[in-house]
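**Q** I'd like to ask some things about the structure below.
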Amino acid sequence: MAEDALSNLLKTVRLTGATFFDIEAQDPWAVRSPAPASILPRILPGADHLISYHVVTAGRCFARIVGGQPIVVEAGEVVVFTHSDPHIMSSSPGLRADPPAADLLDIAFAGQMPFHINYVSGGPISAKLVCGYLACDAQPFNPLLEALPPVIKVGEPRNGDAGWLGQFIRFAVAEVAEKRAGGETVLTKLSELMFIDVLRRYIETLPPQNTGWLAGMRDPLVGKALSLIHDQPARNWTIETLAKQSGLSRTILAERFAKLVGIPPVHYLAKWRMQIASELLSGSNANIASIAAKTGYESDAAFSRAFKKMIGVPPSAWRLGVRPEGKAAAAPGE
């Protein structure tokens, strides 16, 4: 059941991938990430969050957030910058890199993906990478993004990887090399699956004492409650009905859910309904009444009042692209 909550969330926040760069490099080399604002409109217009990833397919390199500590990344490993913070990939720690020129990005987006970047001038290749981006919605409510660290590195470079990550690397290398018809679409879908596998691996490494949405999802009992909410958001859930179907007492569910997820179950339900509503408003022609019904409200008036109170703008304004500045979805009563 816990995996269903994750799948549902990734679908609702419109996770989509796009692979843009195939890099071959010779020491010394350094590449700085483009600004998220220059990438997002070309991946998923209307989305507000960018995730960057770099898969090392040969050799090794270093990854670091600008101003942060370098991380060694070897062949068979992937490093994910979950908030796409400005970062540098380089052959050795401390190498500086200028931001990519605007004309380079224009050429990349205009050409066939993946766009090949060659930092080799006759010497041996020291590293090969497949680098790309994923986009998703962060507003009004994406609990996954709040639960992720800025950088995640996973993989098994020494022992090989027979799992999905190893297969992704092999498929990505083949698609980049062969440049077959439909390759861009294949890489896009592969990158989405790769990211899900990274999340699974990260969840497995969480210490027992961790809190947050991922910790709640991993917990068998709280995870059941989360899955119920995500599977049936329009149902008139109460703490009593959630507790009964989760196999817990009302008091234990309330305490355990709030401790792990950070907010009470009914508040979480209200926020998640607003996320579903915002996606329907942005991505469909559904009228307000049908959206109200799909999110558990008895009337469009009640839905509109709740949406404006929690999000900060009316549903009609959200549909037109108006976004409240610096405000996330609030729980009832906040």
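**Q** Any idea which residue in the range 104-130 is modelled with the highest pLDDT, counting only those that are in a loop (DSSP other than H, G, I, E, B) and among the aliphatic types (A, V, I, L, M)?
**A** Applying the first criterion (in a loop (DSSP other than H, G, I, E, B)) to the range 104-130 yields 111-114, 120-126.
Checking the rest, the ones that are also among the aliphatic types (A, V, I, L, M) come to 113, 120, 125.
On the way: Met113: 60, Val120: 77, Ile125: 88.
Once the filter is applied, the top-ranked residue is Ile125.
**Q** Could you pull out the residue among Leu260, Leu226, Leu214, Leu242 that is under 26 Å from Ala306 (Cα atoms), surrounded by 21 or more Cβ atoms within 10 Å (Cβ to Cβ), of a type in the set (A, V, I, L, M, F, W, C) and touching a residue at least 60 places away in the same chain (Cβ under 8 Å)?
**A** Leu226
**Q** So, one more: Which numbered condition trips up Ile65, out of (1) closer than 30 Å to Ser278 by Cα; (2) touching a residue at least 24 places away in the same chain (Cβ under 8 Å); (3) of a type in the set (A, V, I, L, M, F, W, C); (4) surrounded by fewer than 23 Cβ atoms within 10 Å (Cβ to Cβ)?
**A** Ile65 satisfies every listed condition except (1).
**Q** Taking the range 295-307 only, how many residues are buried (at least 16 other Cβ atoms within 10 Å of the Cβ) and farther than 15 Å from Tyr268 by Cα? Step through it out loud before you land on a result.
**A** Step one: of the range 295-307, the residues buried (at least 16 other Cβ atoms within 10 Å of the Cβ) are 295-297, 300, 303-304, 306-307.
After this cut, where a residue has to be farther than 15 Å from Tyr268 by Cα as well, the list is 297, 300, 303-304.
Number of matching residues: 4.
**Q** Looking only at residues in the range 73-90 that are under 17 Å from Ile23 (Cβ atoms) and surrounded by fewer than 19 Cβ atoms within 10 Å (Cβ to Cβ), which one is modelled with the lowest pLDDT?
**A** Applying the filter and picking the extreme gives Ala75.
**Q** Also, I was wondering about something else. Scan the range 278-297 and tell me whether some residue there is in contact with a helix residue (DSSP H, G or I) (Cβ under 9 Å, 6 or more places away or on another chain), of a type outside the set (Ser, Thr, Tyr) and within 13 Å of Pro143 (Cβ to Cβ). Steps first, answer last, please.
**A** Initial filter on the range 278-297 (in contact with a helix residue (DSSP H, G or I) (Cβ under 9 Å, 6 or more places away or on another chain)): 278-282, 284, 286-297.
Checking which are of a type outside the set (Ser, Thr, Tyr) leaves us with 279-281, 286-289, 291-294, 296.
Those left that are additionally within 13 Å of Pro143 (Cβ to Cβ): none.
Checking the range 278-297: not a single residue is in contact with a helix residue (DSSP H, G or I) (Cβ under 9 Å, 6 or more places away or on another chain), of a type outside the set (Ser, Thr, Tyr) and within 13 Å of Pro143 (Cβ to Cβ).
**Q** Among the residues of the range 214-229, count how many are assigned to a helix (DSSP H, G or I) and charged (D, E, K, R).
**A** 2
**Q** Answer yes or no as to whether Phe168 is modelled with pLDDT of 85 or more and under 30 Å from Trp272 (Cβ atoms).
**A** Details: modelled with pLDDT of 85 or more: no; under 30 Å from Trp272 (Cβ atoms): yes.
When the stated conditions are applied, Phe168 does not pass them.
**Q** Let me ask something else. Condition first: surrounded by 13 or more Cβ atoms within 10 Å (Cβ to Cβ) and touching a residue at least 60 places away in the same chain (Cβ under 8 Å). Now tell me which residues in the range 274-294 satisfy that.
**A** Met274, Gln275, Ile276, Ser278, Glu279, Ser282, Lys294
The values are calculated or read from the model by the stated rules, or taken from the named source; none is laboratory data. Bear in mind the structure is a predicted one, so any value in this text is a computation, not a measurement. All Cβ positions, even for glycine, are placed from backbone atoms using ideal geometry, and neighbour counts span all protein chains on display.
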